[in-house]
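Participant: Can you keep this structure in mind? I'll have questions shortly.
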Amino acid sequence: MKTDIKSLTMAEIKQTLTKMGEKPFRGEQIYGWLHEKLAVSFGEMSNLSGDLRSRLEDRFALPVLSAVQVQKSRLDGTEKYLFRLPDGHLTESVRMRYHHGNSVCISSQVGCRMGCRFCASTLDGLERGLAPSEMLEQIYAITRLTGERVSNVVVMGMGEPLDNYDNLLRFLSLLTGEKGLHMSQRNVTISTCGIAPGIRRLADEGLQITLALSLHAVTDEKRKRLMPITEKYPLEEVLSACAYYGERTGRRITCEYSLIAGVNDGDADVAGLAAIAGRLHCHINLIPVNPVTERGFAAPGRGHVQDFKSRLEKRRVNVTVRREMGRDIDGACGQLRRRYENG
Ligand code: SAH
């Protein structure tokens, strides 16, 4: 199998080029073509000789994603992309436009094995993790298609990023490294369902990435019913890993809380959430659950959501309600791919 050149660091490309009898600066040129100019073929690398280009072609794969479907929300301009991967699998990404710039939500796996009860991505289980190049390509392809820079990245699409740890780390280093897009680590958010050892490991990497925890329930008993991962990593273990992340990185954590009518929107939930927010000094992001046909959960009414929010504010919790972007275009994780594949 050919080596995936877009998942290699600059140092690795230089090393390989040296082995091929080329000067190391050729490696820098190639890296620039891949990660600054967002090239889609070796053919366009015009400052390399034809001979070198064809040797690269023989030796390396250059994965590119093709958009099979693009939906644009009429409500807020949010765009949802369905991409085909080189092996034929499908992945989803979303671009949201804010006044401070373009934010892209990317997937980290095809499918997911975490089994969250309200989520569409996990209905058919995990196919495979995405390569670093395939995570990058979601951002690169959107940049090429729109001609606009991406300033923020959230890893909140399909899949559990900490279940694809090594590829995630390599992706982060390519995305935020000095060459290439050179995105600020602070503009990158990783969202996890709560893989405690992964959170601790990430805390020790010396990065300034923002961490988001998908909390959704404040007791083990209730959380187990929504998020089976709680069986493996109970809430206490997850929260203490998050506290550790905060200490090590100095970054404020966000807790995501999908509000589901009659399930996690009562008085005891307000109290438990306020206690967790106080302990972690975290920001709480409330998301009225996006109904997925197969799941049968409903969001509370708008008034109840506001009331839940103001009861948290009375307890001095830093809380926002997520703007519902792209509701008309299958905005929730895994919905678009599923609809496409099931025809
Ligand atoms: N596996 C990671 C990232 C992917 S999910 C994680 O669990 O955080 C991104 C966020 O969307 C998570 O908070 C997830 O719980 C939430 N989510 C998934 N399906 C949803 C739905 N139908 N409605 C609202 N939020 C949902």
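Participant: In the chain, how many lysine pairs have Cα atoms under 22 Å apart, counting only pairs 8 or more places apart or on different chains?
Facilitator: 18
Participant: Still on this structure, I have one more. If amide H atoms are built 1.01 Å from N in the plane of the peptide, which residues on other chains or at least 5 residues away come under 5 Å of the amide H of I284?
Facilitator: Amide H neighbours of I284: C255, N318, V319, T320.
Participant: On to the next question. Scan around S191 for amide H atoms under 5 Å from its own, H built in the peptide plane at 1.01 Å from N, and keep only partners 5 or more places away or cross-chain.
Facilitator: Sorted by chain and number, the residues that satisfy this are V155, A212.
Participant: Related question: If you build the convex hull over the alpha carbons only and average its shadow over all orientations, what do you get for the range 129-202? Give it in nm² to one decimal.
Facilitator: Quarter of the Cα hull surface area: 4.9 nm².
Participant: Still on this structure, I have one more. Starting from the 7 Å offset along Cα-to-Cβ, what nm value, one decimal, do you get for the label separation of T146 and S46?
Facilitator: Those two pseudo-labels are separated by 2.7 nm.
Participant: What ³J(HN,Hα) values, in whole Hz, does the Karplus curve 6.51 cos²θ - 1.76 cosθ + 1.60 give for the range 60-70 when θ = phi - 60°, with x put for Gly and Pro?
Facilitator: 10, 9, 10, x, 10, 9, 10, 7, 9, 7, 10
Participant: Follow-up. Express the carbon and sulfur contribution to the solvent-accessible surface of the range 63-121 as a percent, rounded to the nearest whole number, probe 1.4 angstrom.
Facilitator: Solvent-exposed carbon and sulfur of the range 63-121 make up 51 percent of the total.
Participant: Determine the dipole magnitude for the range 26-183: charges of +1 sit on the beta-carbon of Lys and Arg, -1 on that of Asp and Glu, nothing else is charged, the reference point is the Cα centre, and the result goes in debye to the nearest 20.
Facilitator: Dipole of the range 26-183, to the nearest 20 debye: 340 debye.
Participant: Quick check: residue separation of E247 and A67 times 0.36 nm, minus the Cα distance between them. What number comes out in nm?
Facilitator: Working it through step by step, the gained length comes to 60.7 nm.
Participant: Just to confirm, what accessible area per residue do you get for the chain at 1.4 Å probe, in whole Å²?
Facilitator: 44
Participant: A follow-up question, please. Averaging over all projection directions, find the projected area of the Cα convex hull of the range 178-219 and quote it in nm² with one decimal place.
Facilitator: The directionally averaged projection comes out at 3.8 nm².
Participant: In terms of modelled amide H atoms, which long-range or inter-chain residues lie less than 5 Å from the amide H of R128?
Facilitator: It is V110, by chain and number.
Participant: Something else about it: Beta carbons within 10 angstrom, averaged per residue: use that to sort the peptides 50-59, 24-33, highest first.
Facilitator: Averaged packing, sorted descending, gives the order 24-33, 50-59.
Participant: Just from its helices, what would the mean residue ellipticity at 222 nm be for the chain, if runs of 4 or more DSSP H residues each count -39500 (n - 2.57) and the sum is divided by every residue, rounded to the nearest 500 deg cm²/dmol?
Facilitator: -11000 deg cm²/dmol
Participant: In debye, nearest 20: dipole of the chain around its Cα centre with unit charges on the Cβ of K, R (+) and D, E (-)?
Facilitator: Dipole of the chain, to the nearest 20 debye: 560 debye.
Participant: Moving on to the next point. When only alpha-carbon atoms are used, what values of Rg and Dmax, in angstrom, describe the chain?
Facilitator: Cα radius of gyration and Dmax of the chain are 21.0, 70 Å respectively.
Participant: Still on this structure, I have one more. Can you grab the distance from the C-alpha centre of the range 8-36 to the C-alpha centre of the range 184-257, Å, no decimals?
Facilitator: Using only Cα atoms to place each centre, the spacing works out to 36 Å.
The values are calculated or read from the model by the stated rules, or taken from the named source; none is laboratory data. Since this is a predicted model, take the numbers as computed values, not measurements. Glycine also receives a Cβ, built like all others from the backbone with ideal geometry; neighbour counts cover every protein chain displayed. Areas reflect the complete protein model, heavy atoms only, side chains present, ligands, DNA and RNA absent. Shrake-Rupley method; radii C 1.70, N 1.55, O 1.52, S 1.80 Å.
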